[in-house]
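Okay, structure first, notes after.
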Amino acid sequence: MLPDKDGPSAGGGGCQDGLGGGEHPSVTLFREYLRLRTVHPEPDYDAALRFLDRMAQELELPMKKVEVCPGRVVAIITWTGTNPALKSILLNSHTDVVPVFQESWKYDAFSAVKDSEGNIYGRGTQDMKSVTIQYIEAIRRLKSGGRRFARTVHLMFVPDEEVGGHKGMETFVKHPEFKALNIGFALDEGLANPGESFTVFYGERCPWWITIRCPGSPGHGSRFVENTAAEKLRRIIDSFLDFREKEKHRLNTSECLTLGDVTTVNMTMVKGGVAYNVIPAEMDVSFDMRIPPTVNLKAFEEQIQRWCSQAGEGITYQFAQKHDNQDVTCTEDSDPWWRTFSTTCKALNMSLQKEIFPAATDSRFIRAVGLPAIGFSPMNRTPILLHDHNEFLNEQVFLRGIQVYQELVPALANVPALPGEA
């Protein structure tokens, strides 16, 4: 336990479920939330909304629900500041989690088992149900202590982040209700850090999902047919995977680069053919590419076009996903939001490690509408296990995260009026 902050007398929600004995009530609440099966392909969003309704009632704060797409609801709990004309602080989290392969887990992925070392196992422990509860519990403690802040604080809970956010944040940022939140600065999810530092993400790579279609001459499987789809396909695969090796080599031979600084390319699907003895008239190959903000996207696509033209005639490509926003959030000390965030962390003896997020989160949609957003999950001394088997988080790391937000929220919500604000 953390002295004076996370002891048994500290405020926290949720009832003891009998599984944790005398465990901290914030941990009990976390485990309760983990048991909600908000897992794709059919997340139980209704259960999550009922849970959040209860949290809003316990916090004595209003919650608004906005259905952005059929069956997809964004929930927003709002703590109005003393000067609501100022830009607000957004604490964003998503309610959905990715599927599990239960046979590869040591415990039921939705039972939230806590072992003798205090490690809590469950899908969403890191990504990102822990952060959701940390937000809620930090607000609970601040509110119970009679604290008030100049800026309004919104806790937002969005669906479908794990399937691209198209029916969640991507749509909601264009909604009038989002604009009405008057956001000035946002916090969203990050990643665990196995070391002592805490990783902070100020930008993201652009996800490009592409399918290359290779037409060719069909024929009988017993002949040397010229200009086949498979020959073109092989050249395409070689071009993409040769580039992959170069980027992998750059990452592995530089001490300055992290995964978010290079372009990853992975071949994910191959399609084509109808029978063993029939040379197909067409074959497709698909790639998942993640491109850092430092790459010229126009030049990169021109490179793809050259690979296609060099592989043979008639080759075409189509994007299933193509994000081109490369905005990053300022992390210079001259920026009041970053200065407040970083100095607060420093006061907590937290060492920050700034990176480009290697995958994709809802932060990219927030940045795309011109708002600063930081990806941050206060989890150090923790292996990175999002989307992995046996995802877990230690209860002491979880409790420490509540304390971190107890300091960050007041600091950010009391940033003095900036130029252009009332």
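Looking across the stretch 36-65, the residues that are of a type outside the set (Ser, Thr, Tyr), surrounded by 14 or more Cβ atoms within 10 Å (Cβ to Cβ) and more than 28 Å from ARG147 (Cα to Cα) come down to LEU36, ARG37, VAL39, PRO43, ASP44, ALA47.
Among the candidates THR343, THR361, the residue that is surrounded by fewer than 17 Cβ atoms within 10 Å (Cβ to Cβ), of a type in the set (Ser, Thr, Tyr) and either touching a helix residue (DSSP H, G or I) at 6+ places or on another chain (Cβ under 6 Å) or within 23 Å of LYS87 (Cβ to Cβ) (or both) is uniquely THR343.
Only one residue in ARG151, ARG140 is in contact with an Asp or Glu (Cβ under 8 Å, 6 or more places away or on another chain), closer than 18 Å to LEU59 by Cα and not aromatic (Phe, Trp, Tyr). Which one? Exactly one of ARG151, ARG140 is in contact with an Asp or Glu (Cβ under 8 Å, 6 or more places away or on another chain), closer than 18 Å to LEU59 by Cα and not aromatic (Phe, Trp, Tyr), namely ARG140. Considering the stretch 375-386, the residues that are surrounded by fewer than 23 Cβ atoms within 10 Å (Cβ to Cβ) and at pLDDT 95 or above include one that is nearest to ILE136 (Cα to Cα), namely ASN380. In the stretch 213-237, of all residues being charged (D, E, K, R) and loosely packed, with under 13 Cβ neighbours inside 10 Å, the one that is farthest from PHE287 (Cα to Cα) corresponds to ARG223.
Among the numbered conditions (1) over 30 Å from ASN394 (Cβ atoms); (2) surrounded by 15 or more Cβ atoms within 10 Å (Cβ to Cβ), the only one that VAL131 does not meet is (1). Tell me the residue from PRO194, PRO176, PRO280 that is touching a residue at least 12 places away in the same chain (Cβ under 8 Å) and assigned by TED's automatic domain parsing to the domain that holds VAL74, please. Criteria check complete, one pass: PRO194. Out of all the residues in the stretch 192-251, which are among the hydroxyl-bearing types (Ser, Thr, Tyr), under 20 Å from MET269 (Cβ atoms) and touching a strand residue (DSSP E or B) at 6+ places or on another chain (Cβ under 7 Å)? If the condition is that a residue be among the hydroxyl-bearing types (Ser, Thr, Tyr), under 20 Å from MET269 (Cβ atoms) and touching a strand residue (DSSP E or B) at 6+ places or on another chain (Cβ under 7 Å), then THR211, THR228 are the ones that fit. In the set (1) crowded, with 19+ Cβ neighbours inside 10 Å; (2) touching a Pro at 6+ places or on another chain (Cβ under 8 Å); (3) without any contact (Cβ under 8 Å) to a residue 60 or more places away in the chain; (4) not basic (Lys, Arg), ASP96 fails one condition alone, (3).
Tell me, which residue of the stretch 134-155 that is among the small types (Gly, Ala, Ser) and either at negative phi or within 26 Å of the chain's Cα centre (by Cα) (or both) is surrounded by the fewest Cβ atoms within 10 Å (Cβ to Cβ)?
Looking only at the stretch 134-155, we keep the residues that are among the small types (Gly, Ala, Ser), and these are 138, 144-146, 150.
Next cut, either at negative phi or within 26 Å of the chain's Cα centre (by Cα) (or both) only: 138, 144-145, 150.
Details: ALA138: 24, SER144: 12, GLY145: 9, ALA150: 15.
Going through the qualifying residues, I end up with GLY145.
Of all residues in the stretch 153-173, how many are hydroxyl-bearing (Ser, Thr, Tyr) and touching a His at 6+ places or on another chain (Cβ under 7 Å)?
If we filter the stretch 153-173 for residues that are hydroxyl-bearing (Ser, Thr, Tyr), which is where we start, we get 171.
Among the residues that remain, those that are also touching a His at 6+ places or on another chain (Cβ under 7 Å) are: none.
The qualifying residues number 0.
The values are calculated or read from the model by the stated rules, or taken from the named source; none is laboratory data. Note that the coordinates shown come from a computational prediction; the quantities given were computed from them, not determined experimentally. Here Cβ is always computed from backbone atoms with ideal geometry, including for glycine, and neighbour counts include all displayed protein chains.
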